[in-house]
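Everything on this sheet refers to the single structure shown next.
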Amino acid sequence: MSAPHPPKLPPREGRDLLTPRPVTVKRGVNPHAPGSAHLSMGRTEILATVTLEDKPAPHMRGKKEGWLTAEYSMLPRATTDRQARERNLQNGRRHEIQRLLGRALRAGMDLRFFRNQTIYVDCDVLVADGGTRVASILAGHAALHDFCDRLIQKGQLTDWPIVHNVGAISVGLLGQEVRVDLDYAEDKVARADLNVVATDTGLIIEVQGGAEEGALTHEEYVGLLRAGTDAVGGVLRELSRQLSVIQGL
């Protein structure tokens, strides 16, 4: 009896296995928000806005730094079928993603500049084609860049409060192939996938995910992590280049 054929893997459009989808960012897109950014990562699109509230988070009262929190939502037609609006704040997936975004973005900020204040970063998925949480981290970072730049231009800050450029990428194992930045078709068939949150210097902030089919070897996991951190560095360099071009808007 012949061995079964391995499943056919989704093709990649115009990129190799370790190349992320094209990333483009435009900042200052919301005239009402003190910081904002629209980010596209392939066909995934995120709108991120920043709000500063002169009120400390309850658990930060009396402490010497501020707080940053994040919210995440997906518009009803961000996907191929209409999804009901996420009105339930206890939605498990949404709550998990929001906590990830908050941890990631706080890791890049020196919040001592915002004592007795709270920064809100709202990330809304306009179009979803895989990787919405990692794209939201990138969009949130870009919106914070816009926000901090405006504060410095206005003389409300004298020092740059972003201490790490923070980004994220998905990385998966499809058959024996390591692929970075999975789109929806790839994510569906990956036998393992990770979301890697890191800095542009290779420092790891958080890793989410694991095996979907069976267990991973130590070497496979390390290979995924290495590919993820390398890809985050490349994406952040491109993001920084685009943010510097539009610096001062």
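The values are calculated or read from the model by the stated rules, or taken from the named source; none is laboratory data. Keep in mind the model is a prediction, meaning the values are calculated, not measured. Glycine gets a Cβ as well: all are built from the backbone with ideal geometry, and neighbour counts include every protein chain shown. All accessible areas refer to the heavy atoms of the entire protein, side chains included, with ligands and DNA or RNA removed. Shrake-Rupley method; radii C 1.70, N 1.55, O 1.52, S 1.80 Å.
Please name which of Gly210, Gly172, Thr132 has its Cα lying farthest along the dipole of the stretch 117-249 towards the positive end, using unit charges on Cβ (Lys, Arg +1; Asp, Glu -1) and the Cα centre as origin. Most positive-ward Cα: Thr132.
Using the Cα centre as the reference, give the magnitude of the dipole from point charges on the C-beta atoms of the chain (Lys, Arg: +1; Asp, Glu: -1; all else neutral), rounded to the nearest 20 debye.
For the chain, the charge dipole is close to 740 debye.
Taking a quarter of the surface of the Cα convex hull of the stretch 162-249 gives a mean projected area of 6.5 nm². If you bin all the Cα-Cα distances of the chain at 5 Å, starting from zero, the percentages per bin are 1, 6, 13, 17, 19, 16, 11, 8, 4, 2, 1, 0, 0, 0, 0, 0. Remark: the stretch 123-249 carries a charge dipole of roughly 460 debye about the Cα centre, counting +1 on each Lys and Arg Cβ and -1 on each Asp and Glu Cβ.
Within straight-line reach of Lys55, meaning a Cα separation under 16 Å, sit the following lysines at least 8 residues removed in sequence or on another chain: Lys63, Lys64.
Dipole of the chain computed with +1 at Lys/Arg Cβ and -1 at Asp/Glu Cβ about the Cα centre; of Ala185, Pro22, Gly35, farthest Cα towards the positive end is Gly35. Here the relative contact order of the stretch 109-248, from alpha carbon pairs under 8 Å that lie six or more residues apart, stands at 22 percent.
Mean separation of Cα pairs under 8 Å and 6 or more residues apart, divided by the residue count, gives the chain a relative contact order of 22 percent.
Here the Gaussian network model covers the chain, with springs between Cα atoms less than 10 Å apart; of Pro34, Pro76, Pro20, Pro76 fluctuates the most. The heavy atoms of Met109 offer some 20 square angstrom of accessible surface to a 1.4 angstrom probe. Considering only Leu144, Gly66, Ile162, the residue lying farthest towards the positive end of the dipole of the chain is Gly66, judged by Cα position with unit charges set on Cβ.
Separation of the stretch 27-91 and the stretch 143-180, taken as the distance between their Cα centroids, equals 14 angstrom. Computed from backbone phi, the HN-Hα couplings of the stretch 124-133 come to 10, 7, 8, 9, 10, 9, x, x, 5, 6 Hz, rounded to whole numbers (Karplus: 6.51 cos²θ - 1.76 cosθ + 1.60, θ = phi - 60°; Gly and Pro given as x). Residue separation of Leu157 and Gln176 scaled by 0.36 nm, minus their Cα-Cα distance, works out to 1.9 nm of gained length. Across Arg150, Arg191, Arg15, mean-square fluctuation computed from a Gaussian network of the chain (C-alpha pairs under 10 Å connected) peaks at Arg15. Fully extending the segment from Arg112 to Arg85, taken as 0.36 nm per residue of separation minus the present Cα-Cα distance, adds 6.2 nm. Across the accessible surface of the chain, with the other protein chains kept in place and a 1.4 Å probe, carbon and sulfur atoms take up 51 percent. Every helix of 4 or more DSSP H residues in the chain counts as -39500 (n - 2.57), and over all residues that averages to -10000 deg cm²/dmol at 222 nm. Normalised by 2.2 N^0.38 Å, where N is the number of residues, the alpha-carbon radius of gyration of the stretch 67-214 equals 1.14. Highest GNM mean-square fluctuation among Asp110, Asp183, Asp124, for the chain modelled with Cα contacts below 10 Å: Asp110. Only the Cβ atoms of Lys and Arg (+1) and of Asp and Glu (-1) were treated as charged; on that basis the dipole of the stretch 50-173 about its Cα centre amounts to roughly 420 debye.
Under a 5 Å amide H cut-off, with hydrogens placed 1.01 Å from N, Tyr72 pairs with Cys123 among residues at least 5 apart or on other chains. The angle between the Cα long axis of helix 218-245 and the longest principal axis of the Cα atoms of the chain comes to about 40 degrees, rounded to the nearest 10. Extension gain, Ala57-Glu71: 0.36 nm per intervening residue step, less the Cα-Cα distance, totals 3.6 nm.
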